[in-house]
Structures are given as structure tokens and as C-alpha cells.
Amino acid sequence: MSDPSIPLPPVEKARSPLSEAWEMFRRNHSAMAGLVILTFIVLGAIFGPMLYPTDPFDMVWAPFSPPGEEGYLLGTDYLGRDLMAQIIHGARVTLIIGLSAAIVTIVIGVTIGALAGFYRGWVEEVLMRITEFFQVLPTLLFSMVIVALFGATLPMITFAIGIVSWTAVARITRAEFLRIRELEYVTASRAAGAPSGKLMFKVILPNAAPPIIVQSALMVGSAILFEAGLSFLGLTDPNIVSWGQIIGSNRQYILESGYTVTIPGLAIFVTVLAISLVGDGLNDALNPKLRQR
Amino acid sequence: MSDALLEARNLSVRFPVRARGWGKKAYLTAVDDVSFTVKKGQTLAIVGESGSGKTTAALAIARLVAGETTGEVLLDGRDIVPLTGEQLKDMRRRVQVIFQDPYSSLNPRARVEDIVREPLDNLTDKPEAEKRQIVDQLFEAVGLRPEQKRLFPHQFSGGQRQRIGIARALSTRPEVIICDEAVSALDVAVQAQILNLLRRLQKDFGLTYLFISHDLGVVQHMCDSVAVMYMGKVVEHADRMDLFNNPLHPYTTALLSAVPSVDPTLRENARRILIPGDPPDPFNLPKGCRFVSRCPVAQAGCHDAAPPLEDKGGPHRVACHLVGAEAQSPLGVDAAARA
């Protein structure tokens, strides 16, 4: 077909859609800033307790010692516990709750959304009615009931957050499945003999992933806020420090020693902000309509 | 003359659509009692305007429509409409599809080698090494370089993408390939390349094509016989030469008169037959001939009864009340009288 004397141009490198998305993401300054902050927080949560081994439950000094004085960088709380140690040790719990609640959300939401969007008909009717039922529940109240009934353990709190927030993921997943199942490459896979399971999770889901990934990233942030809300109301495991729990336990002293509430609040704020920046960056990077702008 | 490899008998496809009011179900009949045959090693074109049901008919043959399919589709004399499980797999091995739009028919998140070998993975149990070998051979056969197989679809041009789609359709060594408007999304120069590739592959692999198109120029280039569809019905089914030289149905005649010609003398002599108006509402089809509302020679009788698809000599079949046994176009006679 081609003249062998003319050298063929070199084959370009395989560029997966994901590697292109990373290119896009890297050019987004605020998203990269968010990623750097988030990396710092995650590393702090993992290695911080080893570098700063003070037990967050130990009474180390007099209560309400302001930040910077008496040798405690962030001061002490109403029981004289080191606030710095609490923040560092609490980061782990806070992030784990945020992450695992988001995972619960994705597992439930994607499964229900995928089945509804793929099979249509009565399956969709039933699943979407269930989704709507969960959507109209007052979220905080419902999770409070779950935690109050089944105990304020870490897995139960995670589950309580996950069970009230999966509906958004389910709706997004369903919408994407409805759109993609009509595309020609899905029909092509069907013609190539792909069974339903393969069509759903190997063909459609990877193409439906971008908005789900974005939603999930933002879900980590809102799960952290949710946990803070539950902790603030005292619905938390008292044997575990989390940022929300620090705020909750110090809330009576907000007027005299505001820093005991402000500092963990700031930690939550910065973390959620970083996650949101990353989520927005992912949205831009994964949304093909914004590409090549 | 070779035998029919693929035959549709009284094939109908209808889609349930929600009607106004509760509990009522209305149906949209996209393909209505259609019959045609494709001979082994030959190409049958199905032509028609948008909404004529040609793509639905083709996808029904490949068992890819969600609607209710009735009638028979015979592959080598065996009805494939009721097949399930292993038998359906076997049928899919033998009947493959090349899709219309090369930009949407390839999974953007899969490497092209995985796209090409997908039918092999799902439909055959060949050993890994053999699959890899087949993919390499196919890349060569469709004019792509084996080094390109690790790339993703968006790194290819439209023509190259369609070559990938062709390689995929060929991977299980099918007997029948359904080309659903396989070149209409490509520009003219690339169209020619792909058409020539399809013809070469037909010869090399002994393929039988069912070629769906609205482009009569392409059809003339590619096909042995042609079926013309209008509003879900086949109105004319004939050999290529027969149909292009002596179109009988008024719709076919009008369609052929609309093909632009590069030959100036032909252009001078050509009389454009215009068909006014729009196709009828598919939910409210006329009782008689479906073409009656736009037919330039319609008569009173055409409104009452739908014309059957009748043999008018040779393998030339047409569904029109006005075509007599002498197989002359009602429009042609009319034109001759005026001249």
C-alpha cells in the first residue's frame, strides 16, 4: 500500500483520556494549590501522630491556656488537653470518616444509578422511587436517629453519613447511563457479544466516571462537614478525637476562649476548601467540553 | 446464481411509546412487513430517506433493536430472531456490524487493539496468542500500522477510525457484514478509500454485505441489488442495473432523478421529478399506499388499498398499483407522452 522507501512518521505516544485530564489539571493553578494543601494534610494525618506523640486525651497543662503561651503552640482546651495534639490526631479520624463515607456513597449511588439507568422500565421506576424517598428525608435528623439508635461508633457514623448522601451520586450515575447507553459504541459492544454486566461496568461506567468522580470528591468534603455537625451535637464516639468533636466539646466556652473552637474550625475549613478546589479542578479536567479552551 | 445467505421474511419492528392517557400503549411501527434477500458474496443496498426504517431493519437483523421484532430473519435457512445464549453468540460471530459514525462507535476509553479484539474476547475462546495474531493481521488488512494498536480512538482521524470499526467487524471472520451508513459520516475522498477497502475485503474474505445508505452514488458503486424503503415498507427491490435503468416505483424514480450528474448532456436531458410535502406522520399512516400523499401520479384507488410487493418480471419487485405486467414506470409513460 505505501511506498517502503518513504519512512513512515513515528507513531505518536498513546495518550489515554486520563493522562490528558492530568495535563489539564496541572495547568489549573487553584486546583494544584488545593492538591498541595490536601497532600500536606493527608501526610500530616498519616505521619503527624508519630512526629507529635503527645496523647490528645492527656491533661498536659492548665485549661484555657492561649495559643503560643506556656509552650503549647495551639494552647489547651477546657480540660487542659494539648490542642495541637488533638488537631493532629483528629485529622486522621476526620479524613477517614470523610473518605469512607464518600466510598459508601459511591458504592450505593453508583450501583442503584447504574441499574436504574441501564435496565430502564420497572427497575428504574422502583429504584428511583427509593432514591426519592431518601432524598426527601431530613438528612441530619435521619443520621442522628441512626447514630442514636445503633451507637456512636466510627463505622456507624460513617454509614449514617453515607446512607443519607448517596442520592446525588445515584441520580448523576443514572443520568450518565441513560445518555451513554444510547451511544453507538455501546451498541457496538452489544454486537460484539458483551454481556450486560460487562456493558454496565466495563463500557458505560468508565465513560460515566468523570461527573461521578467530581461528585465523590466533593462528597468527601461534605462528609467531613456532616461529621462535624454530628460531633457538634455530641453524637460521636467520645474515645476518638475528630475535629468536629473538638468544636463540639469546647462550644460552651466559645465566648471566653474562642480559639478552642476557631482552630479546629479553621482546620475543617482549609481541608474542605482544598477538597473543593481539587474537585473543581477535576471537573474542568474531566469535562471534555471545557477542553482546548 | 448463488443462494440466499440472508433473508428477511415479513420482518416488522415496532416500538412501544407512551400514549396520552393512562395505561394506553401506542406503537410506532418503524419497519412494517419487510422482506428481502441477500445472496452469498453479494451486496444488497437498502436505501431510503431518514426515518424510512432502513437502519432499524438492519439493526433488527443484527438483533440489536430494543423494539418488538416479529417475522423471520433467515441466516442460511435458520431463523435467528428467537435465538438466545450460545446460539445468539454463534449468530453474532457470523453477523457483524459497521456503524455509521466513527466518532461515536468506538469506546473513547479503550485502546484500539482492545476494541478490535472485543468480539474475539466475548464470542470466541481462541488462545491469547492467536487473538493477538488476528488483531495484527486485521490492522494490516484494513491499512493501519500494528504499532498504532496501543493508541486511543481520539488519536485517529475519521477515516482511520472507520478502518478500526471495520477491523472490529472482521475479527470473528463473519459471513455477513451490515454496513449501517458506513461512509456517510466521512468526507468524499475518505469515503472512496473506505468503499474501496470494503470491496477489497469483500473479495478477500468472501463477505456478504447488507449496505444501508441514502447515497445513491455510493449504492451504484457498491451493490448488486437494491431495496428501496419508504415509511417502513420496501417499495422496490431489484438488481442494480434493473433499478437504475428502469425504476418502476414513482418514489424510486423521483429519488434517482435527484442524483446530480457530472455529465452536462445528461444534466440537460434530466427531468427532476419533485415530490412535494413531507412524509406522513408515522403514528397516522395513510390507509392505502404510504406514498400517496406525495405521489405525482396517485389515483383514487391508491388511497384505499396498500399495494403489495409484486414481481414484475425478473427479480424486479415493486409495490405500486400503477405498475402493470409490462413493467413500465407510471412516471415514465407519462413523461414519454409529454415529450
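The values are calculated or read from the model by the stated rules, or taken from the named source; none is laboratory data. Given the structure is predicted, the values throughout are model-derived calculations rather than measurements. Heads up, the Cβs are rebuilt from the backbone with ideal geometry, glycines too, and the neighbour counts pull from every protein chain shown. Note: accessible area is taken over every heavy atom of the protein model, side chains too, but ligands, DNA and RNA are not part of it. Shrake-Rupley method; radii C 1.70, N 1.55, O 1.52, S 1.80 Å.
Being outside any strand (DSSP E or B) and among the aliphatic types (A, V, I, L, M) is the filter here, so list the residues in the range B:63-86 that pass it.
Those that are outside any strand (DSSP E or B) and among the aliphatic types (A, V, I, L, M): B:64, B:65, B:66, B:80, B:81, B:83.
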(Q) I'd like the full set of residues that are open to solvent by less than 60 Å² (accessible area, probe 1.4 Å) and more than 22 Å from the chain's Cα centre (by Cα), limited to the range B:271-288. (A) B:273, B:275, B:277, B:285, B:286, B:288
Q: Run down B:60, B:45 and say which single residue is part of a strand (DSSP E or B) and buried (at least 18 other Cβ atoms within 10 Å of the Cβ).
A: B:45
Q) Which residue out of B:217, B:159 is at negative phi and touching a helix residue (DSSP H, G or I) at 6+ places or on another chain (Cβ under 8 Å)? A) B:159
**Q.** Residues of the range A:187-205 that turn out to be open to solvent by 40 Å² or more (accessible area, probe 1.4 Å), part of a helix (DSSP H, G or I) and facing another protein chain (nearest Cβ under 8 Å), as a count
**A.** 2
Q: Filter the range B:83-94 down to residues that are touching a helix residue (DSSP H, G or I) at 6+ places or on another chain (Cβ under 9 Å) and more than 21 Å from residue A:182 (Cα to Cα) and give me whichever is farthest from the other protein chains (Cβ to nearest Cβ).
A: B:83
Q | Count of residues meeting criterion [touching a residue at least 60 places away in the same chain (Cβ under 8 Å) and assigned to a helix (DSSP H, G or I)] in the range A:147-163 | A | 8
Q. Looking at the range B:123-172, which of the residues that are among the hydroxyl-bearing types (Ser, Thr, Tyr) and within 12 Å of chain A (Cβ to nearest Cβ) is farthest from the chain's Cα centre (by Cα)?
A. B:124
Q. Just a yes or no: is a residue in the range B:177-191 free of Cβ contacts under 8 Å to residues at least 40 places away in the same chain, loosely packed, with under 15 Cβ neighbours inside 10 Å, of a type in the set (A, V, I, L, M, F, W, C) and in the same structural domain as residue B:38 (by TED's automatic domain parsing)?
A. yes
(Q) Condition check: part of a helix (DSSP H, G or I), hydroxyl-bearing (Ser, Thr, Tyr) and over 17 Å from the mean Cα position of the chain (by Cα). Does residue A:271 satisfy that? (A) no
Q | From the options A:176, A:132, A:184, A:124, residue that is facing another protein chain (nearest Cβ under 10 Å), within 27 Å of residue B:17 (Cβ to Cβ) and acidic (Asp, Glu) | A | A:184
(Q) Any residue that is surrounded by 16 or more Cβ atoms within 10 Å (Cβ to Cβ), at pLDDT 85 or above, not hydrophobic (A, V, I, L, M, F, W, C) and not in a helix (DSSP H, G or I) - is there at least one of those in the range B:248-259? (A) yes
**Q.** For residue A:87: the one exception among (1) touching a residue at least 12 places away in the same chain (Cβ under 8 Å); (2) in a helix (DSSP H, G or I); (3) more than 14 Å from chain B (Cβ to nearest Cβ); (4) over 24 Å from residue A:276 (Cα atoms)
**A.** (4)
Q: Kindly check whether there is at least one residue in the range A:173-182 that is polar (S, T, N, Q), at pLDDT 90 or above and under 30 Å from residue A:147 (Cα atoms).
A: yes
(Q) Given the condition open to solvent by less than 50 Å² (accessible area, probe 1.4 Å) and part of a strand (DSSP E or B), answer yes or no: does some residue in the range B:197-207 qualify? (A) no
Q | Matching residues, the range B:100-115, being open to solvent by 10 Å² or more (accessible area, probe 1.4 Å) and assigned to a loop (DSSP other than H, G, I, E, B) | A | B:100, B:101, B:103, B:104, B:107, B:108, B:109, B:110, B:111
(Q) With the requirement that a residue be closer than 16 Å to residue A:231 by Cβ and surrounded by 17 or more Cβ atoms within 10 Å (Cβ to Cβ), what does the range A:118-143 give you? (A) A:139, A:143
**Q.** Residues located in the range B:116-155, provided they are surrounded by fewer than 19 Cβ atoms within 10 Å (Cβ to Cβ), part of a loop (DSSP other than H, G, I, E, B) and of a type outside the set (Ser, Thr, Tyr)
**A.** B:125, B:126, B:127, B:143, B:145
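Residue A:187: at pLDDT 90 or above and among the hydroxyl-bearing types (Ser, Thr, Tyr), yes or no?
Taking the combined requirement at face value, the residue satisfies it.
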